[in-house]
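What follows is a set of notes on a single structure, which appears directly below.
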Amino acid sequence: MSTIDLGLPALPSAPGPVRRRPTRQLSVGSVPVGGGAPISGQTMTATNTADVAATLQQIAEVTAAGCDIVRVAVPSADDAAALPAITRKSPIPVIADIHFQPRYVFAAIDAGCAAVRVNPGNIRKFDDKVGEIAKAAAAAGTPIRIGVNAGSLDQRLLAKHGSATPEALVESALWECSLFEEHGFSDLKIAVKHHDPLTMIAANRLLAEQCDHPLHLGVTEAGPAFQGAIKSAAAFAVLLGEGIGDTIRVSLSAPPGEQAKAGCHILSSLGLRPRKLEIVSCPGCGRLQVDIHELAAQVEAAFDDFPHPLRIAVMGCVVNGPGEAREVDLGVSCGNGKGQIFRRGEVLRTVPESRIVETLLEEALALIEQESAKDEDIDVPDTDTDTDADTDTDAGHAVRTVTS
């Protein structure tokens, strides 16, 4: 379904330099990465890859959540055998994630994977296979992602640096890239990850200074949903604000769909991706006469997967309610068991608290219908009428009594 231009004000620019870090561009299937291309979001399936049906179902879920690229683990021969069917039926490009066995890299390339991720630090005799891998990847036009993290850093570098320092991570990544480049292969993307956001930021800054390869950003093993999303957002905001980073993954101890949603929200919040639904809601205070946390959750659930970009305010009283409502598409300000419904600063009606969510949905659909008709130069009658007997038409009084 195509989105409709609602005539909303432009989002502010992302913080930091306007100009992105210049990089080479490569194609992960249909998704360009680097070279000024839009920053893409990706995640990884949590299924047994050999279970083709379950893996495709999860890929469908992350695609619906806004994911651009998906990665699947290939730890066994059965997983490798499943790749052709998965890549053929997936709606988004599939990256094969390879550890330990170089032969699965060739299987992934033959299966038509859009890219292959290798972690050289834990692939046995990897250095001896680089020439063959480079030749096969070049022939198929398959990019290679070099992935380095603290848990699988090359033992030689770990001994040299003493721990997984930013310098150790970068040295490992650039060394492995050089092995490919010696064979004339440069279609490479690099990721240096760490569970500590500050270490991850420092490593990517160093890496950005020393190469022009596209960079994949991620705070690895970031933690449970709440903690992990905060750590990821903090690291991404710093680096993306400096123009560093071309694709991201939010690694959470949560379902892949939640990881994908978190990544989309982070990019949208930074002005790097068109926004979808945004809920502006107050944190709550002693002035409240409504359970604002529950109401905001109900509104969020009701508008889940709403196909048009809307900004909705859910406010608990008149101190900020009417003001916030002027800045959004739809809003509600609550008090005395009722909700005053706004549309772009205009008071529409007051409804019982029990009808707030359904009324916001009704008004959202009416707004979309009117905007669609306006785009097509069709006059649509005003639908902002409510003939229900229990509707309070004196909207201002209903909410003003909150602070009296």
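The values are calculated or read from the model by the stated rules, or taken from the named source; none is laboratory data. On a predicted model such as this, the values are computed, not experimentally measured, just so you know. Cβ atoms come from the backbone with ideal geometry, glycine included; neighbour counts cover every protein chain shown. Note: areas computed on protein heavy atoms with side chains; ligands, DNA, RNA excluded. Shrake-Rupley method; radii C 1.70, N 1.55, O 1.52, S 1.80 Å.
Looking at the chain only, what percent of DSSP beta bridges run antiparallel? Nearest 5 please.
DSSP beta bridges in the chain are roughly 30 percent antiparallel.
For the chain, give the magnitude of the charge dipole about the Cα centre (Cβ charges: +1 Lys/Arg, -1 Asp/Glu; no others), in debye to the nearest 20.
Values: 35 positive and 52 negative charges, 373 e Å.
That gives the chain a dipole magnitude of about 1800 debye.
Where does helix 130-140 land angle-wise versus the long Cα axis of the chain, in degrees 0 to 90, nearest 10? With rounding to tens, the tilt is 50 degrees.
Taking amide H as placed 1.01 Å from N in the peptide plane, residue 117 has its amide H under 5 Å from the amide H of 96, 97, 98, 145, each at least 5 places away in sequence or on another chain. By the gyration tensor of its Cα atoms, with a ≥ b ≥ c the square roots of the eigenvalues, what is the shape of segment 31-106: rounded for a/c under 1.5, prolate for a/b over b/c, or oblate? Cα axes put segment 31-106 in the oblate bin. Mind pulling the angle between the C-alpha long axis of helix 292-302 and the longest principal axis of the chain? Nearest 10 degrees, somewhere in 0 to 90. Helix 292-302 sits roughly 70 degrees off the main axis of the chain.
Looking at segment 43-181, what % of the alpha carbon pairs are farther apart than 22 Å? Mind showing how you got there, number by number?
On the way: 3793 of 9591 pairs.
Tail of P(r) above 22 Å: 40 percent of Cα pairs.
What value does segment 232-276 have for Rg/Rh, both radii from Cα atoms and Rh as Kirkwood defines it?
0.95
Taking only the C-alpha atoms of the chain, Rg followed by Dmax gives 24.9, 80 Å. What does the charge count near residue 195 come to, summing +1 for each Lys or Arg and -1 for each Asp or Glu among other residues with Cβ under 9 Å from its Cβ? Summing Lys/Arg as +1 and Asp/Glu as -1 gives 0. For segment 102-222, the spherically averaged projection of the C-alpha convex hull amounts to 7.0 nm².
With K and R counted +1 and D and E -1, the other residues having a Cβ less than 12 Å from that of residue 166 yield a net charge of -2.
Measuring with a 1.4 Å probe in the full set of protein chains, what accessible area per residue, in whole Å², belongs to segment 130-171?
Working: 1770 Å² over 42 residues.
Spelled out: the 1.4 Å probe surface of segment 130-171, per residue, equals 42 Å².
Put a dot 7 Å past the Cα of residue 306, heading toward its Cβ, do the same for residue 160, and the two dots end up 5.4 nm apart.
I want to verify the translational diffusion coefficient of segment 294-365 in µm²/s; compute it with Stokes-Einstein, Rh as the Kirkwood radius over Cα pairs, at 4 °C and 1.567 mPa s. Provide the component values of the computation, followed by the final result.
On the way: Rh = 11.8 Å.
Answer, rounded: 109 µm²/s.
Using heavy-atom solvent-accessible surface (probe 1.4 Å) with all chains present, what is the largest-first order of 360, 174? All intermediate terms of the calculation are to be shown ahead of the outcome.
Details: 360 0, 174 45 Å².
Result of the area sort, largest leading: 174, 360.
Over segment 174-240, with every protein chain in place, what whole percent of the accessible area is carbon and sulfur at 1.4 Å, could you tell me? Please list the in-between numbers first.
Numbers: 1540 of 2540 Å².
Answer for segment 174-240: carbon and sulfur cover 61 percent of the accessible area.
Using alpha carbons only, how many angstrom separate the centre of segment 165-237 from the centre of segment 65-84? Centre-to-centre (Cα) distance: 22 Å. Treating the angle as unsigned and between 0 and 90°, give the value, to the nearest 10°, between the Cα long axis of helix 77-89 and the longest Cα principal axis of the chain. So the helix axis and the longest Cα principal axis differ by about 50 degrees.
Do the sum for the chain: with -39,500 (n - 2.57) for every DSSP H run of n ≥ 4, divided by all residues, what is the mean residue ellipticity at 222 nm, to the nearest 500 deg cm²/dmol?
On the way: 13 runs with 155 residues, N = 404.
Counting only the DSSP helices, I get -12000 deg cm²/dmol.
Ordered from largest to smallest accessible area (heavy atoms of protein chains, 1.4 Å probe), the residues 287, 156 come out as 156, 287. Summarising the label geometry, the points placed 7 Å from Cα in the beta-carbon direction at residue 54 and residue 167 lie 4.5 nm from one another. For segment 219-233, the Karplus equation 6.51 cos²θ - 1.76 cosθ + 1.60, evaluated at θ = phi - 60°, returns couplings of 8, 6, 6, 5, x, x, 3, 5, 5, x, 5, 5, 4, 5, 4 Hz by residue, with Gly and Pro reported as x. Rounded to the nearest Hz, the phi-derived 3J(HN,Hα) couplings of segment 48-63 under the Karplus curve 6.51 cos²θ - 1.76 cosθ + 1.60 (θ = phi - 60°) are 6, 4, 5, 7, 4, 4, 5, 5, 5, 4, 5, 4, 4, 5, 6, 5, where x marks glycine and proline.
Rg to Rh ratio, segment 220-349, alpha-carbon atoms and Kirkwood radius? Walk me through the intermediate numbers first.
On the way: Rg = 16.7 Å, Rh = 16.2 Å.
Reported Rg/Rh, Kirkwood definition of Rh: 1.03.
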